[in-house]
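The values are calculated or read from the model by the stated rules, or taken from the named source; none is laboratory data. Quantities reported herein were computed from a predicted structural model and do not represent experimental measurements. Glycine also receives a Cβ, built like all others from the backbone with ideal geometry; neighbour counts cover every protein chain displayed.
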C-alpha cells in the first residue's frame, strides 16, 4: 500500500506503520458499520451479477418502453431544446418554495382549478426535489408545527405493506413513532376495509395517516370512492390528519383527474391535509427530481405563517429546489395545446400497460396457471400484484432469473414482446412446482 | 380548528428581505449590493458560455438514458468534482480513500455531512458534539447543523472588527480550548461574509492545532475559482489539510463558479483514512440520502461532469471563471482608488486585500442605514457588500455615497 508523503514529517514512525496511519489515530469512522442495503438494492445487485441471458428485472421504478429502455416524451424533448435555446433564462437562485408557475399548476393538478380551497387562498404549494423530498418536507413541517407545545413525534400510520423507505423518511425527520394500519389482504387479494377501519378507529387523536391517493405501492390496489368516503368520515371524527401520496407512478392512469380524485374529495370535505406529488413518470423526467408538497389549510389567515416556516425548513434541507424539471412541467401544464399533446403521449403509456396486463392474463390462463387472474386487468397502472408468496418469488429469481419485488409485485412495463412468454411460463412454474 | 393554528410567522431571511426592499424602491439610481450571485457589468446574471454550449450538447444527445440517477449521484460528476477540489494527482484519490455524494447544492452537501456526523461521529447519535462556525459566517450554517440535530452550534473567533482582519490569536485560542473532537466548519477560500482568508502560514498553524486536538475538519467550498481566478490556488487550504493526513468532509457548491444557481449542483467530498472506512461511510450516506431526496437531479451534474471531463471545455470553463473573478478584482481596485481619490476618511486597503465576492466594508449599522435610506444603496447590516453589484455605471455613485456616509454619519 502506498504510504502517504507528508511534507516535513517529523514522525519517522509513519514510514514504519503499515497503513500510513498519520499521527497514530484510528479513523474517525472506525465504528461506522456498513449499512444494510435496502431490499431493492440487494435485488438489483443480484440481478446485475446474474449472467443468465434471459434474465428479466421486473422490480424497477421507471416506466420502460417496448424496447426495454426508459425514454423521453417527444414533447418534453422539444421543450428541453426550446429552453436550452432560450436567451432569456436567468441563472439565479429560485425561491426556496420553487417556481410559482410550477406550484400553481401542480396545485391545480391535485385539487382541480375551481377548488374552493384554492379560491379561498388557503393552499400552500412547495416545489421539492422529487417525491421523497416532498414527503420529507411534510414530515418536517408536521414535526415542527403539529404540536407547538412539544416537538410532535407521531404516531404516523403507514399502510401495510408500503414503500419501505417511508418509515425511514419520517424517522429522519425526527418522528420515531411509526405504526401500521391493515391494508392489503393476501386472502382477498385486495384491500380489507373492515380491518383498515378497525386499526384507524384505535389510532390516538392527532395521529397522521399516510394514504395513497392512487397507484398504491407496492400492491397497485387502490381504494374506491365509497371506501374513501367511509375512511374520511372516520378521519374527521377521530381527528386524524391525512397525508396523501400521489407517487410517481400515479399518473400512469393517464387521467390526471382520476388519480387525484381522493385529494379533491378530502379538500372538498373541508379537511386539512398534506399531499406529496411527483411528476417524474408521466413526464419521463426521472432524473429531474420534480416533486411538490401540497398543504391545504382550514384558514387562510395561517397561509403566510405556514409558508414562511416551510421556507425556513427548506433552507436547512436543500435551500432551493432545482429549476430544470419544474420548468418543463410548468411549460407543459400552462399551455393547453401542450397539455393535449402530453395527454396523448401518456395515453400510449397507459394503454401499453393495460395491454401487457391483458396479454399476461391470457398467457397464464392458457398455461392453466392456478388462481384467478382477473385482478391483473382489474387493477391498472404500473405495478401489479401477482399473488406469489416469498418462496415463489425467490424461486423466480433463483431458478428462472426473473426478479420481482419481494411482495410479489411487478412492474408491468418491463414485460415486452420478447420476454412475455418466458415470464408467463416462469410464473406458472413458480405456482405449480412444489417448493 | 387548524392543526397549524399555533404556527408563528418566521423571521424573514435578511438577504431576501433586502432584495425585496430593493425591488420595491422606485429610486432610479438604486444599487443592490446585497445579492449573493454574480452579475455582469450590465448588472445582469451571466449564463457561462461553456454552460450554454454544454446544455445544447446534452439536450441533443440521443444516447442519454432517462433514468433515476443512483442515490449517491452521477458517478462522473462525483469523481470529477472531487478532483477539482483535491487536485488531479491527489495521493488520497490514488489511494482510493476519497468518495463523494452528489447533493442539492452546497446546502445539500452541508446537510448530508451534518446528518452523517450527528449519527456516527464521536459516538453514536452524539448531538452534544459542539459544532463551531466562524464569527461571522454564512447565516445558513447555523440552521443546517441545528436542524441536523446538533444541540450545540457555537461561534469561533474569526473576524477582528477593530483591525479589519483575521483574529488569528482568537481563532487559535478557540481551537486550543474547545472540547476534543469538536467539529469546525472552515471556509476553503473567499470567506463569506468577510472576504478575509488565512494566509498559508496561518492555515498551517490552524491545521497543527486541529490535528493535535483531534478536531473534525468540515470545509465549505462555495467559491473555488472566485478567490484568485485560479482553481488550484483557491484549493490550497483543502489540499494542504489532505496532505497532512486529515480525514475530512468538503461541501462543494458549483452554483457560483458554474452559474448554476438554479440547478442545485453540489458535492460532498469525503476523505477517509482508507478505502474500507470510505466504503462503510458511503453505505451510510446512501441511507441518509434515501430519506432526504432519494435521487438527486441530473441536469446540473451532467453539465458539470461533461465540462470537467473534456480538456477543451474544462479550459473554456476556467476562462469563464477567470472572467468573473477578474471583474470582481477590477471593481475592488476601482472602488478603492475612487475612495482614496475622494479623500474618504479611513483606510480602504481592505477592499483590495479581501478576497472573493464579498467585502466587509467596515461601515457600521448607522452608516448602513444611511446608505440604504438616503442613498438607496442596499447592503447587509453587517456592512457586507457584493462586489458583483458594482458596475462601471454605478461605481462613482457608490463611491460618492460611501464618502458622504462616512463623512456625515458616525
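Among (1) assigned to a helix (DSSP H, G or I); (2) without any contact (Cβ under 8 Å) to a residue 12 or more places away in the chain; (3) outside the structural domain of residue A:278 (by TED's automatic domain parsing), there is one condition residue A:47 misses while meeting the rest; what is its number?
Failed condition: (2).
Going by what's in this entry, would residue B:254 be described as within 14 Å of chain A (Cβ to nearest Cβ) and in contact (Cβ under 8 Å) with a residue 40 or more places away in the chain?
Considered against the rule, which asks whether it is within 14 Å of chain A (Cβ to nearest Cβ) and in contact (Cβ under 8 Å) with a residue 40 or more places away in the chain, residue B:254 comes out as yes.
Could you count how many residues in the stretch B:1-26 are farther than 17 Å from residue B:368 by Cα and at pLDDT 90 or above?
The qualifying residues number 3.
Quick test for you: out of B:57, B:51, pick the one residue that is surrounded by fewer than 19 Cβ atoms within 10 Å (Cβ to Cβ), touching a residue at least 60 places away in the same chain (Cβ under 8 Å) and within 11 Å of another protein chain (Cβ to nearest Cβ). Walk me through it before giving the result.
Working: B:51 fails: surrounded by fewer than 19 Cβ atoms within 10 Å (Cβ to Cβ).
B:57 is the lone residue from the list that is surrounded by fewer than 19 Cβ atoms within 10 Å (Cβ to Cβ), touching a residue at least 60 places away in the same chain (Cβ under 8 Å) and within 11 Å of another protein chain (Cβ to nearest Cβ).
I need the full set of residues from the stretch B:1-41 which are without any contact (Cβ under 8 Å) to a residue 60 or more places away in the chain, assigned to a loop (DSSP other than H, G, I, E, B), out of contact with any strand residue (DSSP E or B) (no Cβ under 9 Å at 6 or more places or on another chain) and within 14 Å of chain A (Cβ to nearest Cβ), in order please.
B:1, B:2, B:5, B:6, B:7, B:8, B:9, B:10, B:11, B:12
Hey, does the stretch A:168-186 have a residue that's crowded, with 23+ Cβ neighbours inside 10 Å, in the same structural domain as residue A:325 (by TED's automatic domain parsing), within 17 Å of the chain's Cα centre (by Cα) and closer than 18 Å to residue A:271 by Cβ?
For the stretch A:168-186, residues crowded, with 23+ Cβ neighbours inside 10 Å, in the same structural domain as residue A:325 (by TED's automatic domain parsing), within 17 Å of the chain's Cα centre (by Cα) and closer than 18 Å to residue A:271 by Cβ: absent.
Would you mind telling me which numbered condition in (1) more than 11 Å from chain A (Cβ to nearest Cβ); (2) under 23 Å from residue A:138 (Cα atoms) residue B:101 fails?
Status for residue B:101: all satisfied but (2).
Would you check if there is a residue in the stretch A:342-363 being modelled with pLDDT of 90 or more, more than 14 Å from chain B (Cβ to nearest Cβ), out of contact with any helix residue (DSSP H, G or I) (no Cβ under 8 Å at 6 or more places or on another chain) and more than 30 Å from residue B:70 (Cβ to Cβ)?
Yes: one or more hits.
For residues in the stretch B:248-259 being buried (at least 24 other Cβ atoms within 10 Å of the Cβ) and in contact with a strand residue (DSSP E or B) (Cβ under 9 Å, 6 or more places away or on another chain), which is farthest from residue B:56 (Cα to Cα)?
B:249
Say whether the condition of being surrounded by fewer than 17 Cβ atoms within 10 Å (Cβ to Cβ), without any contact (Cβ under 8 Å) to a residue 40 or more places away in the chain and in the same structural domain as residue A:395 (by TED's automatic domain parsing) is met by at least one residue in the stretch A:50-64.
yes
Where in the stretch A:248-328 are there helices (runs of 4 or more DSSP H), lying fully within it, with 3 or more residues that are within 16 Å of residue A:98 (Cα to Cα)?
A:303-317
Can you say whether residue B:220 is modelled with pLDDT of 95 or more and under 24 Å from residue B:146 (Cα atoms), as far as the supplied structure shows?
Spelling it out, residue B:220 is indeed modelled with pLDDT of 95 or more and under 24 Å from residue B:146 (Cα atoms).
Output the number of residues of the stretch B:78-89 satisfying the condition of being buried (at least 18 other Cβ atoms within 10 Å of the Cβ) and within 14 Å of chain A (Cβ to nearest Cβ).
Summing the residues that are buried (at least 18 other Cβ atoms within 10 Å of the Cβ) and within 14 Å of chain A (Cβ to nearest Cβ) in the stretch B:78-89 gives 2.
If you check residue B:303 against the conditions, is it more than 20 Å from residue B:93 (Cα to Cα), within 14 Å of another protein chain (Cβ to nearest Cβ) and in contact (Cβ under 8 Å) with a residue 60 or more places away in the chain?
Spelling it out, residue B:303 is indeed more than 20 Å from residue B:93 (Cα to Cα), within 14 Å of another protein chain (Cβ to nearest Cβ) and in contact (Cβ under 8 Å) with a residue 60 or more places away in the chain.
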